Amino acid sequence: MIALDWDQDAARIARRAVAEYPEISVVRGDAVALPVAAGGVDLIVSSLTLHHLSRDAAVGALGEMARAGRLGFVVNDLWRARPGVALVWLATRLLACHPISRHDGPLSVRRSYSPDEIRALAAKARVPRLEVRRYPWLVRVLAVGSHRA
């Protein structure tokens, strides 16, 4: 298993956290230039990352995931919708959340991509096969793609 993070400090912390698991390698890298050969890994899983990327970077990341994943990729991310913003705003106030989470949670939902936008980004990245599903009660969208048509 390979875990990838762009941030040097996060990668260092992750390496310490998985030190007892030699089957996990932590690599510092960029989602738009994955340090993996074409089809070099079985499956790529991206969780709560896409909404942090600009449109151009999201296109690059989706294209890279399709290229590098032999079986394809799974993207789990926030779903931009008014009910989702309201739900996250409410949850961050009802639960004992840090003030940064209270600010960042609703902002992240507002910055996320809609299912149609994810489809358009994947099309621009020339990802030939993509299925997108919404999970409104979780404020999530799940995209499963592959380089194979």
Could you tell me whether any residue of the stretch 136-148 is more than 15 Å from residue 47 (Cβ to Cβ), under 15 Å from the mean Cα position of the chain (by Cα), among the aliphatic types (A, V, I, L, M) and not in a helix (DSSP H, G or I)?
no
Just to be sure I understand, how many residues within the stretch 24-49 are touching a strand residue (DSSP E or B) at 6+ places or on another chain (Cβ under 6 Å) and among the charged types (D, E, K, R)?
1
Selected residue (criterion: farthest from residue 52 (Cα to Cα)) from residues of the stretch 91-132 that are basic (Lys, Arg) and touching a helix residue (DSSP H, G or I) at 6+ places or on another chain (Cβ under 8 Å)
93
Looking for whichever is under 17 Å from residue 125 (Cα atoms), in contact with a strand residue (DSSP E or B) (Cβ under 9 Å, 6 or more places away or on another chain) and modelled with pLDDT of 95 or more here; the options are 69, 63. Which one fits?
69
I'm trying to understand the selection: among the residues of the stretch 90-139, which are among the basic types (Lys, Arg) and either in contact with a Cys (Cβ under 7 Å, 6 or more places away or on another chain) or within 25 Å of residue 59 (Cβ to Cβ) (or both)?
110, 111, 119, 124, 126, 129, 133, 134
When the stretch 90-113 is examined, which residues are found to be of a type in the set (A, V, I, L, M, F, W, C) and at pLDDT 80 or above?
90, 91, 94, 95, 100, 107, 109
Is it true that some residue in the stretch 101-115 is among the hydroxyl-bearing types (Ser, Thr, Tyr) and in contact with a His (Cβ under 6 Å, 6 or more places away or on another chain)?
yes
Is it true that some residue in the stretch 20-38 is among the hydroxyl-bearing types (Ser, Thr, Tyr) and in the same structural domain as residue 117 (by TED's automatic domain parsing)?
no
Could you check, for the stretch 28-51, whether at least one of its residues is surrounded by 16 or more Cβ atoms within 10 Å (Cβ to Cβ), among the hydrophobic types (A, V, I, L, M, F, W, C), at pLDDT below 95 and more than 30 Å from residue 15 (Cβ to Cβ)?
no
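The values are calculated or read from the model by the stated rules, or taken from the named source; none is laboratory data. It should be emphasised that the depicted structure is a prediction, and the values quoted were computed from it without experimental measurement. Note: ideal-geometry Cβ built from the backbone for every residue, glycine included; neighbour counts use all protein chains shown.
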